[in-house]
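See below for the structure under consideration.
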């Protein structure tokens with residue numbers, strides 16, 4: 001199980017946001033999930049999480065194709081606010097979804113704990129990798145050999161993430177992790 005210290009080790013001290021008990025007290029998710037959000041927190045993660053914006057309202061405010069979710073994060077293109085994506089947690093089930101700008105919800109993880117464990121593994125591997133770390137810009141391309149090595153790393157990463165939360169890999173269409181890792185090199 002991921003801890004706050006483990007997340008800050010790769011993400012950085014000011015790059016992990018812990019919820020306040022008052023913010024999540026009224027949420028209709030398990031007490032364990034609330035504890036994870038308060039004690040472990042949410043890291044900024046390469047190519048996935050740019051801003052942690054947890055709602056404080058007791059009712060879910062993130063409108064999606066699955067119904068309202070509790071907002072956990074928000075990414076927004078500063079030049080186009082319509083290009084907004086988020087992570088949210090579903091009331092009652094506690095499942096975590098990645099919400100596309102059009103409101104379509106893609107399954108991310110079976111619960112907050114699985115999501116944080118997957119984010120920890122993903123973030124620590126990506127930040128430690130020469131090939132997978134955030135590129136300097138779109139003009140940076142990998143050589144054929146580097147691309148093959150990166151593809152092999154991504155395959156290993158996918159297998160490792162699948163071991164943490166098999167439900168996150170029960171399909172491709174509408175599932176965040178398989179699609180995200182597959183599109184990495186393209």
*At 0.36 nm per residue, minus the direct Cα-Cα distance, what do residue 146 and residue 21 gain on full extension? Give it in nm, one decimal, please.*
40.5 nm
_With the cut-off at 1.5 for a/c, could you classify the range 9-50 from its C-alpha gyration tensor as rounded, prolate or oblate?_
prolate
*What's the extension gain from residue 167 to residue 92 if we count 0.36 nm per residue and subtract their Cα-Cα distance?*
25.3 nm
*Gain in length, residue 102 to residue 130, computed as 0.36 nm per residue apart minus the alpha-carbon separation, to one decimal in nm?*
6.7 nm
_Calculated [θ] (222 nm, deg cm²/dmol) that DSSP helices of n ≥ 4 give over the chain, each run adding -39,500 (n - 2.57)_ = -10000 deg cm²/dmol
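Here, each number is a calculation from the coordinates, and none is a lab measurement. Please read these numbers as outputs of a predicted model, since none were measured by experiment.
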